[in-house]
Amino acid sequence: MEDHFVSDDIITNKIYLIRGQKVMLDSDLANLYQVETKYLKRQVRRNLERFPDDFMFELTPEEISRSQFGTLKQGGNIKYAPMVFSEQGVAMLSSVISSAPAIAVNIQIMRVFTKVRQMLTDNTELRLEIEKIKSKLDNQDKNMEIVFRYLDELLEAKYHPQPREPIGFRLKG
């Protein structure tokens, strides 16, 4: 299985965000599995009941025309709409494409998806912590503003004392 190793970076760069889902293209998966794209599509079509819409969907012409995928742009005239697979769809592919390279790469893809999900979770937690710190700083800023305003009032009172009536006896004279 080691001879089918693909770097995590290569897999990560083949994960796209489409319709709010992290997905991989059929052509990228076929390339990683070392099979032809038409073979992958044929196996999926023969087992469509295993691939509900949240596992796999085909790109619309609009999605293809504004795609971010260099491979689609180079192809020019596309005969069949590309299929894209979510993490669950990629996992399901292992039940319809079971060559040694496909199994090895599929395990690696699952691990990459897990890492990506963990990075997103870590980033969300980090963002929440930053927001807490910002909120605390905002509150401290407000408190400091009040303290400085009070100090300004005290200084103003010290340098510009209001005239007072003298205390004590007055001699009339």
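Listed values, structure above:
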| quantity | calculated |
| --- | --- |
| Under 16 Å from K79, Cα to Cα: aspartates and glutamates that are on another chain or at least 8 residues apart | D26, E36, E58, E62, E63 |
| Fluctuation leader among K41, K142, K115 - the chain, Gaussian network, Cα springs under 10 angstrom | K142 |
| For region 2-120: relative contact order, % (alpha-carbon pairs under 8 angstrom, 6 or more apart) | 36 |
| Hits among lysines - C-alpha to C-alpha of K142 under 20 Å, sequence gap 8 or more where chains match | K132, K134 |
| Segment N139-Q162, extension gain: residue separation times 0.36 nm, minus the distance between their alpha carbons | 4.9 nm |
| Taking region 1-66 and dividing mean pair separation by its residue count, relative contact order in percent (alpha carbons under 8 Å, at least six apart) | 15 |
| Distance between modelled label sites at R149 and S98, nm, 7 Å Cα→Cβ extension | 7.4 |
| Degrees separating the helix 100-159 axis from the principal Cα axis of the chain, which is the longest one | 10 |
| The chain, dipole about Cα centre (Lys/Arg Cβ +1, Asp/Glu Cβ -1), debye to the nearest 20 | 360 |
| Given [x] 71, 18, 13; [y] 32, 19, 17; [z] 26, 21, 14, the label whose value is semi-axes √(5λ) of the Cα gyration tensor in Å derived from this model | [x] |
| Among I103, I130, I64: highest mean-square fluctuation, GNM of the chain, C-alpha pairs under 10 Å | I130 |
| Which of Y16, Y159, Y150 has the fewest Cβ neighbours within 10 Å, and the rest in rising order | Y159, Y150, Y16 |
| Most fluctuating residue given options S135, S27, S98, as computed from a GNM of the chain linking Cα atoms under 10 Å | S135 |
| Using alpha-carbon coordinates, inclination of helix 87-96 to the longest axis of the chain, degrees | 20 |
| Proxy reagent accessibility, fewest Cβ within 10 Å first, across S94, S86, S65 | S65, S94, S86 |
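Throughout, read-outs are computed from the coordinates displayed, never taken from laboratory work. In this text, all values refer to a predicted model and were calculated from it rather than measured experimentally. Neighbour counts are summed over all protein chains in view; Cβ atoms, including those assigned to glycine, are modelled from backbone coordinates with ideal geometry.
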